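Here the structure is laid out as structure tokens; the discussion comes afterwards.
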Amino acid sequence: MKGRFVRLAEQGRPTVNLKVDGAAIEALQGDTLIVALLTQGSALRQSEFDSGRRAGFCLMGACQDCWVWTRSGERLRACSNEVREGLDIVTTQPEATWPLHG
Amino acid sequence: MATARLSSNKVVIVGAGPAGIRCAETLVAAGLKPILIDENRRDGGQIYRRQPEGFTRDYATLYGTEAGKARDLHQSFDRLRGSIDYRPDTLVWNLTPGQLCCVSQGKHTTVDYDALILCTGATDRLMPIEGWQLAGTYSLGGAQIALKSQAVSIGHSVVFMGSGPLLYLVASQYVKAGAKVAAVLDTSPLSKRILAMPKTAGASGIAVHRDETIGAAVSGENPGTPRDQTSASAGRRGKRCQWRAGQHGARGKPDDQLRCRGPGLSPAPGNAIGGPGRLSPAFR
């Protein structure tokens, strides 16, 4: 099983096509990015502070755990941005990263 | 007189939840046109959060016993919208005397004000335990938002832990929506639960473990691998108990640790933490 989140209802919406790290994925109109990514995978991005992966936490735009980026470098909170047709998402931080410990 | 003087001034409300909407309603009734700034794309705030356009679940499904209040609030906002300066998708990140610093669609803006009313609401009070930072653990409020706003569960099998009525409310909402709830671990003391009992009845079919002191949460980062387990360890009144989540509805038995693990929790886990809980000494 590849997804972390599980869809329970509202599955009759039109599909939206986007890319995540170069791979095409299909989402549903009205999905937030976190839902689009975590119904198909287990994490959103690499932690900038340790070797762990991150998958969001508060889902209300406060905790800053769910950052992803567009190919052009725009930084988005995956919990509060919706999918758009043709969106090209990158899950690796394009800016400088902290040195990892351990 | 005061109103006449104020009407030429800029009144700014931050937050379009219940407080912000009712505030705007009162100001509009007094002849003012407030600016209503909100970080969300839609009005309603968190408790009465509106699902995205195109979603079809009805008010009773989304809000349960609060359906009437939710509908009333949303209708109030819809009536108001033409009479206020509504600015959704706008984050306020700083305020200085007479000016707010905002960001919207990645761009910085400022908003001047003569009077400022903050209706910014509340967020979860979290109970940090060992492992709470692992991918797959979410705040209780976050777990509810996933369901209410997006019709998803945070995992294939979810353990709710913490205290307070929201713990049971969210767990029962998950069950009603068809999610698999492996357990509810309640850390509140008996006296508090008795007081809350009339409002917390009804979460059926879920293993409920009460009076728990939660030690640690372990959440799988790689669904499908042996590490993919959601577990919580807890001690019960100095003793510990063991429980396997695969046994739906099973109660704990005294043992070294309360562990929630096994096939019932694979492949993709979810934990939702609500607080405040009582932490075991090792984690204080």
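Based on what the data block shows, is A:L8 at the interface with another protein chain (Cβ under 7 Å from one of its Cβ atoms) and on the phi > 0 side of the Ramachandran plot?
Values: at the interface with another protein chain (Cβ under 7 Å from one of its Cβ atoms): yes; on the phi > 0 side of the Ramachandran plot: no.
So A:L8 fails the test.
So which pairs qualify, if the first residue must be in the range A:58-82 and facing another protein chain (nearest Cβ under 8 Å) and within 17 Å of A:G22 (Cα to Cα), the second must be buried (at least 18 other Cβ atoms within 10 Å of the Cβ) and of a type outside the set (F, W, Y), the Cβ gap must be under 7 Å, and the two must be at least 6 apart or on different chains?
From the range A:58-82, no pairs qualify.
For the range A:40-57, name all the residues that are more than 9 Å from chain B (Cβ to nearest Cβ) and among the polar types (S, T, N, Q).
A:Q40, A:Q46, A:S51
From (1) away from chain A (no Cβ under 14 Å); (2) surrounded by 13 or more Cβ atoms within 10 Å (Cβ to Cβ), pick out the condition that doesn't hold for B:T96.
All conditions pass for B:T96, except number (2).
Go through (1) in a loop (DSSP other than H, G, I, E, B); (2) at pLDDT 95 or above; (3) surrounded by fewer than 21 Cβ atoms within 10 Å (Cβ to Cβ) and name the single condition B:P128 misses.
Result: B:P128 passes all but (2).
Looking at A:Q46, A:Q64, can you tell me which residue is over 27 Å from B:A122 (Cα atoms) and surrounded by fewer than 20 Cβ atoms within 10 Å (Cβ to Cβ)? First the steps, then the outcome.
Numbers: A:Q64 fails: over 27 Å from B:A122 (Cα atoms).
Only one candidate passes the filter, namely A:Q46.
Report yes if B:A122 is touching a Phe, Trp or Tyr at 6+ places or on another chain (Cβ under 9 Å), closer than 24 Å to B:V152 by Cα and surrounded by fewer than 16 Cβ atoms within 10 Å (Cβ to Cβ), otherwise no.
Values: touching a Phe, Trp or Tyr at 6+ places or on another chain (Cβ under 9 Å): no; closer than 24 Å to B:V152 by Cα: yes; surrounded by fewer than 16 Cβ atoms within 10 Å (Cβ to Cβ): yes.
So B:A122 does not fit the description; no.
Residues in the range B:140-159: is at least one closer than 22 Å to A:A55 by Cα, more than 11 Å from chain A (Cβ to nearest Cβ) and buried (at least 21 other Cβ atoms within 10 Å of the Cβ)? So that I can check it myself, show each step before the final result.
If we filter the range B:140-159 for residues that are closer than 22 Å to A:A55 by Cα, which is where we start, we get B:140-159.
This time we only want the ones that are more than 11 Å from chain A (Cβ to nearest Cβ), so: B:159.
Remaining after also requiring buried (at least 21 other Cβ atoms within 10 Å of the Cβ): B:159.
Taking every residue of the range B:140-159 in turn, at least one turns out to be closer than 22 Å to A:A55 by Cα, more than 11 Å from chain A (Cβ to nearest Cβ) and buried (at least 21 other Cβ atoms within 10 Å of the Cβ).
A:A27 - would you say it is closer than 24 Å to B:S149 by Cα and either at the interface with chain B (Cβ under 7 Å from one of its Cβ atoms) or touching a Pro at 6+ places or on another chain (Cβ under 9 Å) (or both)? Even if it seems obvious, please write down each step before you answer.
Working: closer than 24 Å to B:S149 by Cα: yes; either at the interface with chain B (Cβ under 7 Å from one of its Cβ atoms) or touching a Pro at 6+ places or on another chain (Cβ under 9 Å) (or both): no.
Criteria not met by A:A27.
What is the residue count in the range B:31-88 for residues that are β-branched (V, I, T), surrounded by 14 or more Cβ atoms within 10 Å (Cβ to Cβ) and touching a Gly at 6+ places or on another chain (Cβ under 9 Å)? Quick ask: steps written out before the conclusion?
Taking the range B:31-88 first, the residues β-branched (V, I, T) are B:35, B:37, B:47, B:56, B:61, B:65, B:84.
The next check asks that each one be surrounded by 14 or more Cβ atoms within 10 Å (Cβ to Cβ); those that pass are B:35, B:37, B:47, B:61, B:84.
Next, only the ones that are touching a Gly at 6+ places or on another chain (Cβ under 9 Å) stay: B:37, B:47.
Of the residues in the range B:31-88, 2 are β-branched (V, I, T), surrounded by 14 or more Cβ atoms within 10 Å (Cβ to Cβ) and touching a Gly at 6+ places or on another chain (Cβ under 9 Å).
What single numbered condition from (1) farther than 30 Å from B:V152 by Cβ; (2) at pLDDT below 95 fails to hold for B:T65?
Unmet for B:T65, out of (1) farther than 30 Å from B:V152 by Cβ; (2) at pLDDT below 95: (1).
Identify, from the list B:L100, B:L116, B:L95, B:L91, the residue that is out of contact with any helix residue (DSSP H, G or I) (no Cβ under 9 Å at 6 or more places or on another chain), farther than 29 Å from A:R84 by Cβ and in contact (Cβ under 8 Å) with a residue 24 or more places away in the chain. Please lay out each step first, then the result.
On the way: B:L100 fails: farther than 29 Å from A:R84 by Cβ; B:L95 fails: in contact (Cβ under 8 Å) with a residue 24 or more places away in the chain; B:L91 fails: farther than 29 Å from A:R84 by Cβ.
Unique residue meeting the criteria: B:L116.
The values are calculated or read from the model by the stated rules, or taken from the named source; none is laboratory data. Please read all numbers here as calculations on a predicted model, not as lab measurements. Heads up, the Cβs are rebuilt from the backbone with ideal geometry, glycines too, and the neighbour counts pull from every protein chain shown.
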